[in-house]
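A short reminder: the numbers here are calculations on the coordinates, not readings from a lab. Treat the numbers as computed from the prediction; the structure is a model and nothing was measured. Every residue, glycine among them, receives a Cβ derived from its backbone with ideal geometry; neighbour counts consider all protein chains shown.
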Amino acid sequence: MKHIGVTLAVSALLACVAVIGAPALAQNVVDFPGTVLKVDEAAGKLTVKKDGTRFTFVVDGRTKYAGIKALKDIKAGDAVTVSYIVMGSQYVAQKIAKSK
């Protein structure tokens, strides 16, 4: 019986974290428009610069794309807007949109 109570308490806690955490995460998405400096497909990284500010974004399987299909379709010099979140010390790309 004790295990069932602990299991239910942990499940309830995880459900609360999921419900509370999801909207907070969505609110922290930031757009960064700029010019691509470097694409590192092997490392899953994209470096973008605008007005002297440079960010290197982590690109993973959850990253969405607009105007392109994948990271391999982006080249240095392309104009993009990266929608990202900060996770620890990393800028994680949520969406990459290539300008035409």
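Please specify each residue of segment 76-89 satisfying the condition of being surrounded by fewer than 13 Cβ atoms within 10 Å (Cβ to Cβ) and in contact with a strand residue (DSSP E or B) (Cβ under 7 Å, 6 or more places away or on another chain).
A76, G77 - these are the residues of segment 76-89 that are surrounded by fewer than 13 Cβ atoms within 10 Å (Cβ to Cβ) and in contact with a strand residue (DSSP E or B) (Cβ under 7 Å, 6 or more places away or on another chain).
Using beta carbons and a limit of 7 Å, which pairs, at least six apart or on different chains, have the first residue in segment 62-82 and farther than 13 Å from K95 by Cβ and the second one small (G, A, S) and assigned to a loop (DSSP other than H, G, I, E, B)?
A79/S99
Report the residue count in segment 44-70 for those that are crowded, with 18+ Cβ neighbours inside 10 Å, under 13 Å from the mean Cα position of the chain (by Cα) and among the hydrophobic types (A, V, I, L, M, F, W, C).
Total satisfying the criteria: 3.
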